[in-house]
Amino acid sequence: MYHAWQNSPAEEVGYIRSLLTKDDDGEYFFDYVSWSSVVAEAGGEAKLYDAYLETLGTLVGRGLRKKDARVKEKYLWLHKRYIATIDEILSQSADSKWYRQNVATVVMARRLKRYTALAADAERAVAAARKSAETCPPLQIGSA
């Protein structure tokens with residue numbers, strides 16, 4: 001991705017903004033999960049997207065198994081986007097042009113692991129870690 005000489009700065013800003021998604025907390029992030037961002041907006045190759053999403057799913061599963069609750073929390077965020085992407089793919093009408101052009105992606109999405117139990121375990125671990133952090137006394141530095 002590079003600046004195109006024929007585009008104004010405002011057009012370039014608009015293009016960059018089209019690659020960002022507003023999160024639940026109001027902050028923007030680069031959506032590197034959904035078909036619409038990876039393939040349609042960023043220009044990723046459709047034929048490579050299936051393997052990409054499968055690999056991302058494997059990473060989500062590994063991340064949700066991590067011991068550190070702070071790491072689990074990050075993967076819970078990614079898990080939410082991963083599941084939303086699967087659901088978006090599976091919600092496409094069989095009559096739609098997108099569906100007809102991407103049947104293999106729909107078939108792949110049907111067989112992807114959702115990691116529901118792992119995500120629930122991770123959510124409990126994160127909640128427990130937060131509760132523990134709230135009940136811990138403040139660290140006293142410099143006292144003996």
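The values are calculated or read from the model by the stated rules, or taken from the named source; none is laboratory data. Source: prediction; values computed, not measured. Cβ sites come from the backbone with ideal geometry, for glycine too, and all protein chains shown count toward neighbours.
From the set of residues in region 12-26 that are exposed (fewer than 11 other Cβ atoms within 10 Å of the Cβ) and among the acidic types (Asp, Glu), which is nearest to the chain's Cα centre (by Cα)?
ASP24
Hey, any hits in region 49-56 for a residue that's closer than 27 Å to VAL103 by Cβ, under 12 Å from the mean Cα position of the chain (by Cα) and polar (S, T, N, Q)?
The answer is no, given that none of the residues of region 49-56 is closer than 27 Å to VAL103 by Cβ, under 12 Å from the mean Cα position of the chain (by Cα) and polar (S, T, N, Q).
Determine if region 90-100 includes at least one residue that is closer than 22 Å to SER37 by Cβ and touching a residue at least 40 places away in the same chain (Cβ under 8 Å).
Taking region 90-100 first, the residues closer than 22 Å to SER37 by Cβ are 90-93, 96-100.
Okay, now just the ones that are also touching a residue at least 40 places away in the same chain (Cβ under 8 Å), so none.
No.
Residue check: is LYS113 modelled with pLDDT of 95 or more and either of a type in the set (Lys, Arg) or assigned to a loop (DSSP other than H, G, I, E, B) (or both)?
Spelling it out, LYS113 is indeed modelled with pLDDT of 95 or more and either of a type in the set (Lys, Arg) or assigned to a loop (DSSP other than H, G, I, E, B) (or both).
Kindly establish whether ILE16 is in contact (Cβ under 8 Å) with a residue 24 or more places away in the chain and not in a loop (DSSP other than H, G, I, E, B).
Values: in contact (Cβ under 8 Å) with a residue 24 or more places away in the chain: no; not in a loop (DSSP other than H, G, I, E, B): yes.
No.
Here's a check for you: in region 27-81, which residue that is part of a helix (DSSP H, G or I) and among the β-branched types (Val, Ile, Thr) is surrounded by the fewest Cβ atoms within 10 Å (Cβ to Cβ)?
Looking at the filtered set, the residue picked out is THR55.
Might you check whether a residue that is modelled with pLDDT of 90 or more, more than 26 Å from VAL107 (Cα to Cα) and not aromatic (Phe, Trp, Tyr) occurs anywhere in region 41-61?
no
Residues of region 107-117 being in contact (Cβ under 8 Å) with a residue 12 or more places away in the chain and surrounded by fewer than 16 Cβ atoms within 10 Å (Cβ to Cβ), which ones?
Residues satisfying the conditions are ARG110, LYS113, ARG114.
Where residues in region 90-140 are among the charged types (D, E, K, R) and more than 21 Å from the chain's Cα centre (by Cα), which of them is nearest to LEU59 (Cα to Cα)? Walk me through how you get there before you give the answer.
Filtering region 90-140 down to residues among the charged types (D, E, K, R) leaves 95, 97, 100, 110-111, 113-114, 121, 123-124, 130-131, 134.
With the extra rule that they be more than 21 Å from the chain's Cα centre (by Cα), the set shrinks to 95, 97, 100, 130-131, 134.
On the way: ASP95: 32, LYS97: 30, ARG100: 29, ARG130: 24, LYS131: 27, GLU134: 30 Å.
Per the criteria, the residue is ARG130.
State all residues of region 82-95 that are assigned to a helix (DSSP H, G or I) and of a type in the set (Gly, Ala, Ser); if no residue qualifies, say none. Spell out how you get there, then give the answer.
So in region 82-95, the residues assigned to a helix (DSSP H, G or I) come out as 82-90.
Passing the criteria: only ALA84.
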